[in-house]
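Chemist: I'd like to ask you about the structure that follows.
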Amino acid sequence: MQAKPTSLTPVKASERIHSLDIMRGIVLCGILLMNINGFGLAGAYADPTVAGGASGINLWTWITTSMFFEGTMRALFSLLFGVGMFILLSRLEKKGAGIRAADIYFRRLLWLLLFGLIHGYLLLWSGDILYDYALMGFLVYSFRNLKPGKLLIIALLLFSIGSVWNYFENRNNLKKLDQVAEAEVYKAEGKELTKDMEKATGWWAEIQEQRSPETVAETNESMRKGYFEVVAFLAPINMQTDTTWFYRFDVWDILAMMLLGIALFKWRLLGAEKSYKFYAPITMVFYAIGLSINFMEVRTIMAGNFSFEAFSKSNITYDAGRLCVAMGHVGLIMMFCKAPILKWLKRSLSAVGKMALTNYIMHSVICMFIFTGVGLGLYGRLERYQLLFVVLGIWVLQLILSPIWLKYFYFGPLEWLWRNLSYNKRHVLRRSPVEKELVSEKPIPTKPV
């Protein structure tokens with residue numbers, strides 16, 4: 001018999017898997033560690049020579065984040081999103097929701113898509129991921145009932161396609177660079193350029209312009225203007241990513257990690273249920289492989305003096321390196337969840353994870369006021385390592401505020417809004433006085449309950 005509409009409610013606190021909340025909190029902090037370069041510097045997310053400094057402590061900051069965090073935090077964020085949507089559907093279906101489970105699921109994604117557009121265009125973060133998650137979430141639905149082995153195979157196949165694409169893109173880049181060099185010879189000899197040479201020359205000129213000091217200075221100036229000027233400046237960038245990333249990156253990156261996450265969850269690897277003897281060797285093996293690949297990439301880039309060719313070559317193994325390091329992170333986080341240490345930190349990280357949407361959007365709101373002309377206008381004024389102090393400040397703020405908020409309320413403000421819109425029903429937000437005391441005293445378990 002189908003459950004009554006009133007019985008379809010969000011996950012209760014007692015139903016949550018706390019290791020996932022802790023992991024989500026850690027990953028959310030890691031996301032900011034990478035995104036801060038996009039928030040505060042022009043064109044220097046991957047290339048430190050463009051802006052923010054590429055020597056001394058700035059160089060070591062780039063090396064460390066490239067080795068341990070680049071691509072891995074996004075991968076784990078995608079993994080957790082896939083798991084979250086799978087859990088949502090599974091619990092609705094177990095409650096007898098029937099077709100209404102799909103209704104809630106897709107309405108939830110449609111609202112997330114709108115949140116992503118607002119986040120990118122109006123909250124001034126062109127690196128928004130919510131829009132992409134909504135699009136990939138539509139595809140995840142059809143894979144939810146597959147066995148974990150099949151999910152793993154599909155995920156690895158998608159990763160492989162992305163890597164093959166990177167390989168051929170690198171070959172195409174080298175071919176164009178050869179044509180650019182040949183065009184210079186033709187010009188010196190007064191010969192007419194072929195159409196391919198003209199296209200390659202235009203392509204190379206555009207790439208150099210994006211990395212030029214003039215473009216950086218222009219971007220800095222534009223980002224320090226008033227709110228509506230910054231909205232207009234970022235709009236074309238948002239439009240470009242929202243239209244091309246779907247087929248160039250999202251399917252081979254985000255969708256693959258979502259499916260992999262569901263597979264790991266079905267294998268019961270994400271609830272910190274396995275022994276240390278299980279997690280430890282997996283962690284060490286994946287770190288050994290992934291960090292070795294990342295080290296070779298960093299060495300290639302530095303040996304190539306941060307040239308376009310060096311970045312293009314390193315991109316061939318990018319997915320393999322970040323995937324392995326991400327899996328190493330999973331094992332380490334699960335062991336951290338199991339260990340009887342730093343319970344206060346786990347509690348705070350869990351709270352940050354439970355309010356992941358609110359805290360993710362809060363990153364952008366805070367950084368909008370720090371870096372753009374809406375507030376302090378510090379865009380392009382801080383060095384790469386100095387941005388880490390901003391990150392640390394936001395971490396501390398959210399680690400303190402999130403548990404305090406959840407002591408008085410069931411959900412984060414945006415989580416509450418998203419649930420209301422998803423279920424077409426207004427849910428209670430404020431806790432009763434008795435519940436406030438229970439929340440402050442309740443220990444954090446490490447296994448699903």
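Chemist: Would you order Phe278, Phe159 from fewest to most other beta-carbon atoms within 10 Å of each residue's own beta-carbon?
Modeler: Lowest count first: Phe278, Phe159.
Chemist: Scanning the chain for GluC sites (Glu not before Pro) in DSSP loops with at most 10 other Cβ atoms within 10 Å, what's the longest stretch left with none?
Modeler: 193-449
Chemist: List the aspartates and glutamates whose Cα lies under 18 Å from the Cα of Lys225, skipping any in the same chain that are fewer than 8 positions away.
Modeler: Glu214
Chemist: Can you list the aspartates and glutamates whose alpha carbon is less than 17 Å from that of Lys346, not counting same-chain residues fewer than 8 positions off?
Modeler: Asp21, Glu273, Glu441
Chemist: Give the whole-number value, in cubic angstrom per residue, of the convex hull volume spanned by the C-alpha atoms of region 5-441.
Modeler: 155
Chemist: Please identify, among Ile293, Ile301, Ile57, the residue showing maximal mean-square fluctuation in a Gaussian network model of the chain using a 10 angstrom Cα cutoff.
Modeler: Ile57
Chemist: Against the longest alpha carbon principal axis of the chain, how many degrees, from 0 to 90 and to the nearest 10, is the axis of helix 148-188 turned?
Modeler: 20
Chemist: Can you tell me the 0 to 90 degree angle between the C-alpha axis of helix 356-371 and the longest principal axis of the chain, rounded to 10?
Modeler: It works out to around 40 degrees.
Chemist: Can you tell me the 0 to 90 degree angle between the C-alpha axis of helix 195-210 and the longest principal axis of the chain, rounded to 10?
Modeler: Approximately 60 degrees, to the nearest 10.
Chemist: For Phe409, list long-range residues whose amide hydrogen, built 1.01 Å from N in the peptide plane, is under 5 Å from its own amide hydrogen.
Modeler: Residues meeting the amide H criterion: Arg431.
Chemist: For Phe369, Phe77, which order do you get if you count the other beta carbons within 10 Å of each Cβ and list the fewest first?
Modeler: Values: Phe369 13, Phe77 23.
Ascending Cβ contact count within 10 Å gives the list Phe369, Phe77.
Chemist: Springs between alpha-carbon atoms under 10 Å, Gaussian network over the chain: tell me which of Gly373, Gly202, Gly84 tops the mean-square fluctuations.
Modeler: Gly202
Chemist: Rounded to a whole number of µm²/s, how large is the Stokes-Einstein D of region 293-333 at 20 °C and 1.002 mPa s, given Rh as the Kirkwood radius over C-alpha pairs?
Modeler: Translational D for this selection: 201 µm²/s.
Chemist: Taking other Cβ within 10 Å of each residue's Cβ, how do Met85, Met335, Met23 sort, fewest first?
Modeler: On the way: Met85 23, Met335 17, Met23 26.
Placing the least packed residue first, the sequence is Met335, Met85, Met23.
Read-outs throughout are calculated quantities, based only on the coordinates presented, and are distinct from any laboratory measurement. Worth saying up front: this structure is predicted, and the values here are computed from it rather than measured. With ideal geometry, Cβ positions are generated from the backbone for all residues, glycine too; neighbour counts draw on all protein chains shown.
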